[in-house]
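The values are calculated or read from the model by the stated rules, or taken from the named source; none is laboratory data. Note that the coordinates shown come from a computational prediction; the quantities given were computed from them, not determined experimentally. Here the Cβ is made from the backbone with ideal geometry for all residues, glycine too, and neighbour counts use every protein chain on show.
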Amino acid sequence: MPQTRQLAAIMFTDIVGYTALMGEDEEKAFEVLNKNKSIQKPIIEDYRGTLIKELGDGILASFTTVSDSVQAAIKIQETCNQINEFQLRIGIHHGEIVFQENDVFGDAVNIASRVQAIAPVGGIWISESVHQNVVNKKNISTRYVKTEKLKNVKEMLRIYEVVMRSDHIFQPKTNHIKNITEKVRKTSFRPLSFLLIAVLIIFGLLFFISKGKGVFATASIQSIAVLPFVNESRVADMEYLSDGMTETLINNLSKLGDLSVKARSSVFRYKGKNIEPQKAGTELSVVAILNGRVAQRGDNIILNLELVDVKTGNQIWGEQYNRKSTDLVALQSEIARDVANKLQQKLTGTGGQKIGKNYTANSEAYKLYLRGLFHWHKRTENDLKKAIDYFNQAKEKDPSFALAYAGLAVTYNVLSSNIVMTRQNVAETRVKANAAALKALELDESLAEPHAVLASQRTFEWDFNAAVNEYKRAIELNPNFASAHQWYSELLARLGKQAEAMVEVKKAYELDPFSPAVNMNVGLRYYEVRRFDEAIAQFRKTIELAPDYPMTYWFLSDLYFRKGLYEESLELSAKAQILMKMETPESAEREITELRQAIKQEGKKGYWRKILEEELKGYRKGYNSAVYVAIAYWELGDKEKVFEWLEKAYTEHDEQLTYLKNNVAFDNLRSDPRFKDLLKRVGLPE
């Protein structure tokens, strides 16, 4: 029978203590084994799964959807707890497996088995790929456990627990307790042993009581949001300082792999709002909130910090810092170390160095850098140019200031992608982004942002293997770098690795749930696998979240047009152009009128004739991509012109060719040998 490969959720279950039971009562052991199968098999089938095989006292099952596998695991544990005769450990992983002769093979099977082996009694542990697929399911609750190196698995794996309701926790029957008590009674402990145990227990309790909230309350903190620091100076020019200090702390804490830190774009939606920490924490799905208030009094900077437990609303820790403004750099490092310590992070020597690292001793250079960040986040063309000016001033003050070069790299990178420029200007801007990123890494290889910029540059150069490696390095250096996960997702989608792309974009969403770009990219991943209704729902959600974010309107417009909703499509397209300042409301309305008339006269053909006219005009002026012209010709049925313009795009090393693999517009062209050859020359898999 031939092998088949597919994505699946693999579930391993194991009976706790079965080997010992077999040694003591073989008949009882077989009874338990049969009972276990009679419970699990119908539940697995009810949730559209397949029981692949039994492995001793374990069961291996596969499911086509991740949520089905988790729901089945919950039901199995609930049922076992109700009959109260034996306990299970369950592990689940989602990945590619190989089916052959009613059996399964592959890394996904191995990982699921390893996760099950370390799960607690009565527990369900899942890998990150499973967590990413169920994190937004209302009826499934998960909790981060740890990052583990599993046997025969190359990379570290983040492991989560499926949280069971308290009424589903296993309660031993009276006869089980009696058996345990009887064994203890028969054990020949000496009186001194009992006394020693009692003393140890008492000392342990006293230890936790003596520590109070400072340790006990923070022991389980694994996620945090740093809300925008309040500028108490009430001077507009000081906003850059309060915002910059917030972002610096977010970036520092993000380097701690075991701590989930919400991204800047999600927390800054609360800027200027008087919101209760518990409400913000609940909305952001974090355990703790850090609030800050910044004031400048003469030459002094005064910062008040408060760490709040989201569940109780209690203050876990608070501190006031009063430093000279010339000590700003050292203050930032001190704050990051203090917060990390209060969160009970087990920092290694390397982790401590990353948290406490000073990138410059020059306070003026650092302030200029913070001013650059302030403008960078506004993302208008004018603000991006101001950011470049401030970053340049910062590196002039301190030529060894790696963060200033990193700021330049990300700003040039955004400038080349988000602002309407000629193809020549885009190429020149990318050269600057590449140079700044390389210089930043020459000064400090551990910065994640320049690696992400280089990944973007390598993608433009069609060096996809190098791009993948750069994104992986960026994420390794900063696991909480939401944008890197998003951008890596985009690259994986271009390469046709849709399942992996979805995992990465959902990781970005977990870290930055209110980012318009991340939300839009979740929709794009659905779009690229032709799940159009889900894509439309996600795009609508993104518009509701960020009504001024233009790119969502573009993609939703395209989807509506493909569904024949021409009027809605035209309105959305006009909205996108107005938001991007490509058109005024008046000129956009004129364009809609012309397109509406063209559709009325010739239907889709009329629409595409008008689009072709505009694309050719833009191309001749040095703006539009040759690929866009090719798409218009394809919609008009001129196949030869399509390949003529695709070849032109290839000659120009057009970035848009990197989307050939997943571009919906070319779905009916993929069987043409010329198209396959073009994919190969660009470096994309067939």
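Would you mention how many residues in region 9-49 are in contact with a helix residue (DSSP H, G or I) (Cβ under 7 Å, 6 or more places away or on another chain) and within 18 Å of Ala112 (Cβ to Cβ)?
Number satisfying all stated conditions: 13.
Of all the helices (runs of 4 or more DSSP H) wholly in region 527-643, which have at least 1 residues that are buried (at least 17 other Cβ atoms within 10 Å of the Cβ) and among the polar types (S, T, N, Q)?
So the answer is 532-545, 550-562, 566-579.
Pick from region 155-175 the residues that are in a loop (DSSP other than H, G, I, E, B) and in contact with a Lys or Arg (Cβ under 7 Å, 6 or more places away or on another chain): which of them is modelled with the lowest pLDDT?
Only one residue tops the list, namely Met156.
When the residues of region 1-51 are narrowed to those that are β-branched (Val, Ile, Thr) and under 29 Å from Glu500 (Cβ atoms), which ends up surrounded by the fewest Cβ atoms within 10 Å (Cβ to Cβ)?
Thr4
Scan region 502-516 and give yes if some residue there is under 26 Å from Met421 (Cα atoms), outside the structural domain of Lys680 (by TED's automatic domain parsing) and either buried (at least 22 other Cβ atoms within 10 Å of the Cβ) or polar (S, T, N, Q) (or both), otherwise no.
Among the residues of region 502-516, at least one is under 26 Å from Met421 (Cα atoms), outside the structural domain of Lys680 (by TED's automatic domain parsing) and either buried (at least 22 other Cβ atoms within 10 Å of the Cβ) or polar (S, T, N, Q) (or both), which makes the answer yes.
Pick from region 107-117 the residues that are within 25 Å of the chain's Cα centre (by Cα) and among the hydrophobic types (A, V, I, L, M, F, W, C): which of them is surrounded by the most Cβ atoms within 10 Å (Cβ to Cβ)?
So the residue we want is Ala112.
If you check Ala406, Ala427, Ala394, Ala436, which single one turns out to be part of a helix (DSSP H, G or I) and within 25 Å of the chain's Cα centre (by Cα)?
It is Ala406.
The rows are residues; the columns are (1) over 24 Å from Tyr526 (Cβ atoms); (2) at pLDDT 85 or above; (3) not in a loop (DSSP other than H, G, I, E, B).
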{"site": "Gly95", "(1), (2), (3)": "no, yes, yes"}
{"site": "Val104", "(1), (2), (3)": "yes, no, yes"}
{"site": "Ala117", "(1), (2), (3)": "yes, yes, yes"}
{"site": "Asn139", "(1), (2), (3)": "no, no, no"}
{"site": "Val153", "(1), (2), (3)": "yes, no, no"}
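Mind listing whichever residues of region 460-474 are surrounded by fewer than 22 Cβ atoms within 10 Å (Cβ to Cβ) and not in a loop (DSSP other than H, G, I, E, B)?
Phe460, Phe464, Asn465, Ala466, Val468, Asn469, Lys472, Arg473
Modelled with pLDDT of 85 or more, assigned by TED's automatic domain parsing to the domain that holds Val66, of a type outside the set (D, E, K, R) and farther than 15 Å from Met11 by Cβ: does that describe Gly122?
For Gly122, the condition - modelled with pLDDT of 85 or more, assigned by TED's automatic domain parsing to the domain that holds Val66, of a type outside the set (D, E, K, R) and farther than 15 Å from Met11 by Cβ - is met.
Only residues that are within 37 Å of the chain's Cα centre (by Cα) and either among the charged types (D, E, K, R) or not assigned by TED's automatic domain parsing to the domain that holds Leu60 (or both): list them for region 8-41, please.
Matches in region 8-41: Asp14, Lys41.
Among the candidates Gln77, Gln132, single out the residue that is farther than 14 Å from Asp14 by Cα and either touching a Lys or Arg at 6+ places or on another chain (Cβ under 9 Å) or not in a loop (DSSP other than H, G, I, E, B) (or both).
Step by step, each of Gln77, Gln132 is checked, and only Gln132 is farther than 14 Å from Asp14 by Cα and either touching a Lys or Arg at 6+ places or on another chain (Cβ under 9 Å) or not in a loop (DSSP other than H, G, I, E, B) (or both).
What residue, of Gly606, Gly637, Gly622, is at pLDDT below 90 and small (Gly, Ala, Ser)?
The match here is Gly622.
Among the residues of region 30-53, write down those that are at pLDDT below 90 and within 10 Å of Thr13 (Cβ to Cβ).
none
Residue-by-condition table, conditions (1) closer than 21 Å to Phe460 by Cβ; (2) surrounded by fewer than 19 Cβ atoms within 10 Å (Cβ to Cβ); (3) at pLDDT below 90:
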site	(1), (2), (3)
Asn382	no, yes, yes
Lys385	no, yes, no
Tyr390	no, no, no
Gln393	no, yes, no
Phe401	no, no, no
Asn413	yes, no, no
Met421	yes, yes, yes
Gln424	yes, yes, yes
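List every residue pair whose Cβ atoms sit under 7 Å apart, with the two residues 6 or more apart in sequence or on different chains, where the first one lies in region 376-397 and is without any contact (Cβ under 8 Å) to a residue 40 or more places away in the chain and the second, anywhere, is of a type in the set (S, T, N, Q).
Correct list of pairs: Trp376/Thr411; Arg379/Asn418; Leu384/Thr411; Ala387/Thr411; Ile388/Thr411; Phe391/Thr411; Lys397/Asn362.
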